[in-house]
Structure formats: C-alpha cells, structure tokens
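Undergrad: Submitted below is the structure of interest, expressed as structure tokens.
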C-alpha cells in the first residue's frame with residue numbers, strides 16, 4: 001500500500017510540474033541587440049525593442065534595469081497576454097565620445113526570468 005501511495009505522489013508531482021511548464025509565458029524578441037552605428041555627441045539615442053508573448057500565460061515585466069546611469073528604460077507595464085505584443089524603449093545619453101556597449105536587465109515572470117538587451121554604437 002505504501003508503494004502505491006509513493007507512486008501516486010510521484011505521479012501527481014510530475015503532472016503538476018508539467019502543467020506549470022505549459023502555463024509559462026515566454027518572450028520572443030524581434031532582436032535583442034541594436035547597433036546605433038555613429039551618433040552625434042550630446043544627442044540621446046533611443047530604440048524600441050519589440051516582443052511577443054510566445055507562451056501560454058501572461059507576461060508581466062517587473063523591471064528593466066540599465067547597467068549604468070547614462071541610460072534609461074520605459075516598458076509595457078500592463079500584462080501581455082498570449083500572442084500579444086509589448087515594448088521596451090531604451091535611451092542612451094551620448095555625452096561621452098567613443099564606442100559604447102550598454103545592457104539592460106529585464107526582470108519578468110517568463111520562462112527565462114532575467115533577460116539582457118544590448119545597445120551599442122559610436123559617439124562622434
């Protein structure tokens with residue numbers, strides 16, 4: 001009897017994990033890196049990363065954190081349903097000349113809860 005109960009518990013746990021996996025939201029970005037190329041000094045450069053929810057549950061973007069103070073991000077704050085789209089707009093303050101690479105850490109409830117987006121270019 002204990003053997004049957006153990007097998008039943010394992011089976012229930014497996015079914016629960018499978019169901020949770022099926023109900024996971026998932027980002028599908030059009031692109032995860034953007035190259036601005038050459039941009040003028042002291043002119044902000046912005047790019048909008050577009051994504052679609054390729055999963056089966058709603059995406060909730062909790063935060064988008066730039067890795068430096070020279071960048072800011074705006075993002076879709078409402079839940080994004082399956083098949084729907086959202087955006088993450090990033091802006092780089094081009095105050096210093098030279099090449100740059102900046103990343104933005106996206107925190108969400110998706111299958112991959114931490115995602116990194118990158119912008120790069122050269123300030124002239």
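Undergrad: Could you say which residue among 73, 45 is under 15 Å from the mean Cα position of the chain (by Cα) and buried (at least 17 other Cβ atoms within 10 Å of the Cβ)?
TA: Result of the check over 73, 45: 73.
Undergrad: Only one of these conditions is not met by residue 102: (1) surrounded by 13 or more Cβ atoms within 10 Å (Cβ to Cβ); (2) touching a residue at least 40 places away in the same chain (Cβ under 8 Å). Which number is it?
TA: Unmet condition: (2).
Undergrad: So, one more: Please go through (1) at pLDDT below 95; (2) within 22 Å of residue 24 (Cβ to Cβ) for residue 116 and return the number of the only condition it doesn't satisfy.
TA: The one condition residue 116 does not meet is (1).
Undergrad: Next question. Of the residues 32, 84, which is in contact with a strand residue (DSSP E or B) (Cβ under 7 Å, 6 or more places away or on another chain) and within 14 Å of residue 120 (Cα to Cα)?
TA: Exactly one of 32, 84 is in contact with a strand residue (DSSP E or B) (Cβ under 7 Å, 6 or more places away or on another chain) and within 14 Å of residue 120 (Cα to Cα), namely 32.
Undergrad: Continuing with the same structure: Out of segment 55-71, which residues are touching a strand residue (DSSP E or B) at 6+ places or on another chain (Cβ under 9 Å) and more than 14 Å from residue 87 (Cα to Cα)?
TA: Matches in segment 55-71: 55, 58, 65, 66, 67, 68, 70, 71.
The values are calculated or read from the model by the stated rules, or taken from the named source; none is laboratory data. Since we're looking at a predicted model, the values are computed, not measured. Methodologically, a virtual Cβ is constructed for each residue, glycine included, from the backbone with ideal geometry; neighbour enumeration extends over all protein chains shown.
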